[in-house]
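Worksheet for the structure shown next.
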Amino acid sequence: MVCHVLRYTVFYQTIKKMIDSGAIGDVMSIEACEDVAYWHHAHSFVRGNWRNSETSGPMILNKCCHDMDLLSWMMNKKCKKISSFGSNNHFNKENAPEGATEFCFGGCKVKDSCVYDCEKIYITGKTGVRYTKSFPVHTVTAFSGLEITEEDLYPALQNGPYGRCVYHCDNNVVDHQVVNAEFEDKTTASFQMCSFTNGFRDMKVMGTKGFIYTQDFGNVVTCAKFNPLESDYECVDIRTLTDDFSGHGGGDTILFNDFINMLTIENFTSSTLTSIRTSIQSHLMAFAAEESRVNGGAPVEI
């Protein structure tokens, strides 16, 4: 198994069932977007472990392989060609405000007004220690699962990696990227990743008889049919189907249960949603997208 956990969520399972039911006919195109939260990008892809493609991998693989997997899963066919554009436009030394220092606690003259100030993100802000004891705070101290205090965080931020100025890091991965994909029957998909948002995914699946549009931030999936004799809209509030939205929208729990069943149930016959063979497709798409991006958007065949 490969942990493409979004396949297991009730949210994306609902979309997939609508497509497979034939409610919108044959899928012609999918439009998808991952809005990476500004603080998440700063944490993981500017200051954190996945900031540099030479030591980890490209953004389209590290963060968006799940999105490539969703496109492949919804289309249920092989991707044949990819093109992509993107760059790191903002998080670099050229955009450092005047008076910014190497570390937020290094006498930075714009600390009070900077939205990426480490004290705001990890201590006083909405993701900080006053509001959560898990991601991203626990990665700063490595005290995962333990009670974390401000006294733990301040020393770690003084001169640790998560206390660095976002404009003075050794990051090189993109902060925005677009991907266009063509599948084996000439159907298409477009995907956009942008790091200047509050963080959520949305998707629109367009078929010959209707379309599905969603936004995981609101936990609502809407199916609209073209046939005037049928109901115009079918809206499904995912909160009526599950109350577990922990761990990637509840997907973690379902995935782990599936994995445990594989190990413990004799003659287990369930179809694993995220086999290695299945997941190879999304990885090929991600690597092809990065190859296209670094070559000016030239199409890459898979």
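Run Ile121 past the list (1) in the same structural domain as Gly218 (by TED's automatic domain parsing); (2) touching a Gly at 6+ places or on another chain (Cβ under 7 Å); (3) modelled with pLDDT under 95 and report the number of the one that doesn't hold.
Condition not satisfied by Ile121: (1).
Considering region 204-217 alone, what residues qualify as being under 22 Å from Lys63 (Cα atoms) and modelled with pLDDT of 95 or more?
Within region 204-217, Lys204, Val205 meet the criteria.
Cβ-Cβ distance below 9 Å, separation of 6 or more or different chains: which pairs start in region 33-56 with a residue that is among the aromatic types (Phe, Trp, Tyr) and end on one that is in a helix (DSSP H, G or I)?
Listed by first residue and then by second, the contacts come to Trp39/Lys120; Trp39/Ile121; Phe45/Met59; Phe45/Asn62; Trp50/Ser44; Trp50/Met59; Trp50/Asn62.
Listed here are the residues, each with its yes/no results for (1) surrounded by 15 or more Cβ atoms within 10 Å (Cβ to Cβ); (2) assigned by TED's automatic domain parsing to the domain that holds Val27; (3) over 24 Å from the mean Cα position of the chain (by Cα).
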{"site": "Ala156", "(1), (2), (3)": "yes, no, yes"}
{"site": "Thr188", "(1), (2), (3)": "yes, yes, no"}
{"site": "Ser195", "(1), (2), (3)": "yes, yes, no"}
{"site": "Gly210", "(1), (2), (3)": "yes, yes, yes"}
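Inspect region 248-271 for any residue being within 15 Å of Trp73 (Cβ to Cβ), surrounded by 20 or more Cβ atoms within 10 Å (Cβ to Cβ), modelled with pLDDT of 85 or more and not charged (D, E, K, R) and give the result as yes or no.
no
Go through Tyr162, Tyr167 for me and flag whichever is assigned to a helix (DSSP H, G or I) and either in contact with a helix residue (DSSP H, G or I) (Cβ under 8 Å, 6 or more places away or on another chain) or modelled with pLDDT of 85 or more (or both).
Exactly one residue qualifies, and that residue is Tyr162.
Inside region 288-302, can you point out the residues that are touching a helix residue (DSSP H, G or I) at 6+ places or on another chain (Cβ under 9 Å) and either surrounded by 19 or more Cβ atoms within 10 Å (Cβ to Cβ) or more than 15 Å from Ser72 (Cβ to Cβ) (or both)?
Ala289, Glu290, Arg293, Ala298, Pro299, Val300, Glu301
List every residue pair whose Cβ atoms sit under 6 Å apart, with the two residues 6 or more apart in sequence or on different chains, where the first one lies in region 92-108 and is free of Cβ contacts under 8 Å to residues at least 12 places away in the same chain and the second, anywhere, is not in a loop (DSSP other than H, G, I, E, B).
From residues that are free of Cβ contacts under 8 Å to residues at least 12 places away in the same chain, there are no pairs.
Among the residues of region 126-143, is there at least one that is under 23 Å from the mean Cα position of the chain (by Cα), part of a loop (DSSP other than H, G, I, E, B) and modelled with pLDDT of 95 or more?
No: zero hits.
Filter region 169-218 for residues that are without any contact (Cβ under 8 Å) to a residue 60 or more places away in the chain and basic (Lys, Arg) and give the result.
Lys186
Quick check on Ser83: is it among the polar types (S, T, N, Q) and either touching a residue at least 12 places away in the same chain (Cβ under 8 Å) or touching a helix residue (DSSP H, G or I) at 6+ places or on another chain (Cβ under 9 Å) (or both)?
So Ser83 passes the test.
Find the residue count for region 15-34, including only residues that are of a type outside the set (A, V, I, L, M) and buried (at least 20 other Cβ atoms within 10 Å of the Cβ).
Number of matching residues: 1.
Cβ-Cβ distance below 9 Å, separation of 6 or more or different chains: which pairs start in region 235-257 with a residue that is in the same structural domain as Met18 (by TED's automatic domain parsing) and end on one that is acidic (Asp, Glu) and surrounded by fewer than 17 Cβ atoms within 10 Å (Cβ to Cβ)?
Taking only residues 6 or more apart or on different chains, the pairs are Ser246/Asp252; Gly250/Asp243; Gly250/Asp244; Thr253/Asp244; Ile254/Asp244.
The values are calculated or read from the model by the stated rules, or taken from the named source; none is laboratory data. Only a predicted model underlies this, so the values are computations on that prediction, with no experimental measurement involved. Every residue, glycine among them, receives a Cβ derived from its backbone with ideal geometry; neighbour counts consider all protein chains shown.
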